[in-house]
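The values are calculated or read from the model by the stated rules, or taken from the named source; none is laboratory data. Everything numeric here is computed off the predicted structure, so don't read it as measured data. FYI the Cβ positions are ideal-geometry reconstructions off the backbone, even for glycines, and counts take in every protein chain you see.
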Amino acid sequence: MNELDFNLLLKSIQKSERSLEKVYSFYYPRIVYHLGKKYGKALAEDVAQDFFKKLLEKDSFEYVKNPTAWVYLQCDSLAKVKIRLDSHCVYTDYQIEPEDEEEVFREEVFGDLYFVIKKLDVTEQKITEMYYWEGYKLKEIAEILGLKYSSVKQKHKRLIKKIKNSLLDVTFLDS
């Protein structure tokens, strides 16, 4: 599917069932094939369905320059989150809102590190999450965030120092 057709279909996906059908029929088998090689067919099918559900829920989209790469990137990210949440269940006596589950998990498992990361600026948080949680390489992060590779590499080095220093302070204060 070419770039223009894809973006036109995305714009009309809320209004037209036909638009969703076109995107679905073109990308669903490709997503399942692409993710199936990495994660298995069952997870690939679940992620593909989640991806299309999210497309329907979203109100508007920015123009996508490389549709297939964008779709695969979105689905890879969904798969990694799904695997992470499925493999690290947090059982509690109270009901957790779906968007808070990951937050609670991180707080409980990572304790002080979680709070240190929350103190980083937004870009540093994104780099940390994408690099350590989602497994992206620095080059991929630079592309996704629209930054230069050298800038992301430098920010990554700095944030490692910040985290180490903050954890040393926390450890020192707690002992």
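Given the criteria under 12 Å from the mean Cα position of the chain (by Cα) and either in the same structural domain as ILE141 (by TED's automatic domain parsing) or surrounded by 12 or more Cβ atoms within 10 Å (Cβ to Cβ) (or both), does LEU78 qualify? Walk me through it before giving the result.
Working: under 12 Å from the mean Cα position of the chain (by Cα): yes; either in the same structural domain as ILE141 (by TED's automatic domain parsing) or surrounded by 12 or more Cβ atoms within 10 Å (Cβ to Cβ) (or both): yes.
Yes, satisfied.
Take ILE31 and tell me if it is out of contact with any His (no Cβ under 9 Å at 6 or more places or on another chain) and modelled with pLDDT of 85 or more.
Yes: the conditions hold for ILE31.
Are any residues in region 147-175 at pLDDT 90 or above and either under 15 Å from the mean Cα position of the chain (by Cα) or not charged (D, E, K, R) (or both), and if so, which ones?
LEU147, TYR149, SER150, SER151, VAL152, GLN154, HIS156 - these are the residues of region 147-175 that are at pLDDT 90 or above and either under 15 Å from the mean Cα position of the chain (by Cα) or not charged (D, E, K, R) (or both).
This table checks each residue for (1) assigned to a helix (DSSP H, G or I); (2) at pLDDT below 55.
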| site | (1), (2) |
| --- | --- |
| PHE52 | yes, no |
| LEU55 | yes, no |
| SER60 | no, no |
| GLN74 | yes, no |
| ILE83 | yes, no |
| VAL90 | no, yes |
| GLN95 | no, yes |
| GLU103 | yes, no |
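Which of the residues belonging to region 134-166 are among the charged types (D, E, K, R), over 23 Å from LYS80 (Cα atoms) and surrounded by 15 or more Cβ atoms within 10 Å (Cβ to Cβ)?
Of the residues in region 134-166, the ones among the charged types (D, E, K, R) are 134, 137, 139-140, 143, 148, 153, 155, 157-158, 161-162, 164.
Applying the additional criterion that residues be over 23 Å from LYS80 (Cα atoms) yields 148, 155, 157-158, 161-162, 164.
LYS155, LYS162, listed by residue number.
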